[in-house]
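Report on one structure; see the data block that follows.
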Amino acid sequence: MDSTRLVTHLAGLGRLAVAFSGGADSALVLAAAVRALGPADVLAVTANSVSLAAVELADARRIAADLGVRHLTPPTAELAEPGYAANGRRRCYFCKTTVLSTIAAVAAAHGFPALATGTNADDAVDPFRPGIRAGDELGVHTPLRTLGLSKEDVRAIARSWGLAWADKPAAPCLASRVRYGIPITTATLARVEQAESAVRAFLSRRGLRSRDVRVRDLGGTARIELDPAVAAELHDDPRLLDAVRALGFTEAAVSSFRSGALNHEPG
């Protein structure tokens, strides 16, 4: 079974820190490490970054607490890295280099020399994942990728273990919502986060549910991406558009969610 292979693999790594975003992939690595090693020999480290939405940090704290794992949240300074702030197509590489270097140093200082991430087998073949190279250069372990476990494998194992977050939607960093070439700033990321919170609040008031919610910053214009049926219902709702425009966007429009949409724009 895949779950047995994963636990056995992690047992062989010994005392382990996990770069923990709060997403399903790194959460499974964390949960499997606890099964393999026991909570005392596992450390969760979450980058307390301007590109991590507050709701995701809260989820990470809750999951780590549920697993009984010590959880550290060191601040990271990727905005000080010019290659990240410029927001070119290698932004993720510069981000991951900064973030994983910080996490590795913190983990080592607490007696955890080995570090693992939640990179899975699907990520490894995705051409828009330059951050994977950063992890490889730093010698970070990628147990899901090593064992050939896909995102669906991750969810299947989590379901079999009865983990509440097994079907949690993907939640990439806030910077992934900003069109390449638009500089990344604290204000840019905060506006995206606030816009997505406003959209979720609007959906809640309307009694609607969208599994995926993104607000893409296209350079003053916002594109609100929702599940297709919800997008069709709200495509011209002035109250939704006004809620997003009120945050400083000159214009807003609704469309169907597309994972990694900005990666597919001409570069």
* Structure fact -> In Å, the Kirkwood estimate of hydrodynamic radius for region 174-264 over Cα pairs equals 12.9
* To do: Determine the relative contact order of the chain: mean sequence separation of Cα pairs under 8 Å and six or more apart, normalised by residue count, in whole percent.
  => 17
* Structure fact -> Shape descriptor, region 3-65: equivalent ellipsoid semi-axes (Cα gyration tensor, sqrt 5λ, whole Å, largest first) stand at 23, 11, 9
* Structure fact -> Evaluated at 25 °C and 0.890 mPa s, the Stokes-Einstein D of the chain based on the Kirkwood radius over Cα pairs, in µm²/s, stands at 128
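Taking neighbour Cβ counts within 10 Å as the exposure measure, how do LYS151, LYS168 sort from fewest upward?
With the sparsest Cβ surroundings first, the list reads LYS151, LYS168.
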* Asked: Counting only the backbone N, which residues of region 93-110 are under 20 Å from the spot 7 Å out from the Cα of ASN263 toward its beta-carbon?
  -> 93-100
* Averaged over all directions, how much area does the convex hull of the C-alpha atoms of region 15-152 cover when projected, in nm²? -> 7.8
* Structure fact -> From the Cα centre of region 217-235 to that of region 12-32, the distance in Å is 33
* Rounded to 5, percent antiparallel among DSSP beta bridges of region 174-264 -> 40
* Asked: With θ set to phi - 60° and the Karplus curve 6.51 cos²θ - 1.76 cosθ + 1.60, what are the ³J(HN,Hα) couplings of region 69-82 in order, to the nearest whole Hz, using x for Gly and Pro?
  -> 9, 5, 10, 10, 10, x, x, 10, 10, 5, 5, 7, 8, x
* To do: Can you tell me the FRET efficiency between ALA105 and ARG245 if r is taken as the Cβ-Cβ distance and R0 is 30 Å, rounded to the nearest 0.05?
  => 0.10
* Given Cα pairs under 8 Å that are at least 6 residues apart, what percent is the relative contact order of region 2-160? -> 26
* Asked: Assuming a viscosity of 0.890 mPa s and a temperature of 25 °C, what translational diffusion coefficient in µm² per second does Stokes-Einstein assign to region 91-131, Rh being the Kirkwood radius over Cα pairs?
  -> 216
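Just so you know, all these numbers are worked out from the coordinates, no wet-lab data involved. These numbers come from a predicted model, not from an experiment. Using ideal geometry, Cβ is built from the backbone for each residue, glycine included, and neighbour counts are taken over all protein chains shown.
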